[in-house]
Amino acid sequence: DNIKMLQARAPSQPPIVRHPVTGEPTWFCNVHSHSSKLRKDRESKYGAERFEDGASQINKSDMFFGDDGDITDDDLKEMDDVTYKNVQFVKMTEGDVVLLDNYKCMHGRNVFDGTRKHGVAWFEGWEGEEEMKVAPGSVP
């Protein structure tokens, strides 16, 4: 069928990491976005994702435990349920900008018409950063 595929496996990573400034433990795992089962479930409900350009056209990933074991459908459903219980929708119009702390919130897009364009910026040295830092060992 003349389709070329690249298969890659990222090294295992812990789903919970410490926030780089506050030291708080935080869920930092993209299982909700990258599980092939959850993606197929969303597509059956909302339709296939429509990406016009970029890596998202070919980025069809899947998730496994660190030992390469499968994550059960029940575990995926639990993670999906917890995710949706905590969703906060932000209604946006053309020109709106949303800034998020990537460690404090998982984020994504709902179904929409149009072309997806997004930019990424990293901030350091912002006002109040030092006050947020915690002493080593002060967070369990």
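The values are calculated or read from the model by the stated rules, or taken from the named source; none is laboratory data. Only a predicted model underlies this, so the values are computations on that prediction, with no experimental measurement involved. FYI the Cβ positions are ideal-geometry reconstructions off the backbone, even for glycines, and counts take in every protein chain you see.
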note = Going through segment 14-46 in order, the residues found to be out of contact with any Ser or Thr (no Cβ under 9 Å at 6 or more places or on another chain), not in a helix (DSSP H, G or I) and not aromatic (Phe, Trp, Tyr) are Pro14, Pro15, Pro20, Val21, Thr22, Glu24, Pro25, Thr26, Cys29
request  = Take the residues in segment 7-49 that are touching a strand residue (DSSP E or B) at 6+ places or on another chain (Cβ under 7 Å) and β-branched (Val, Ile, Thr), then tell me which one is surrounded by the fewest Cβ atoms within 10 Å (Cβ to Cβ).
outcome  = Ile16
request  = Return a yes/no flag: does segment 60-80 have any residue that is surrounded by 10 or more Cβ atoms within 10 Å (Cβ to Cβ), at pLDDT below 75 and on the phi < 0 side of the Ramachandran plot.
outcome  = yes
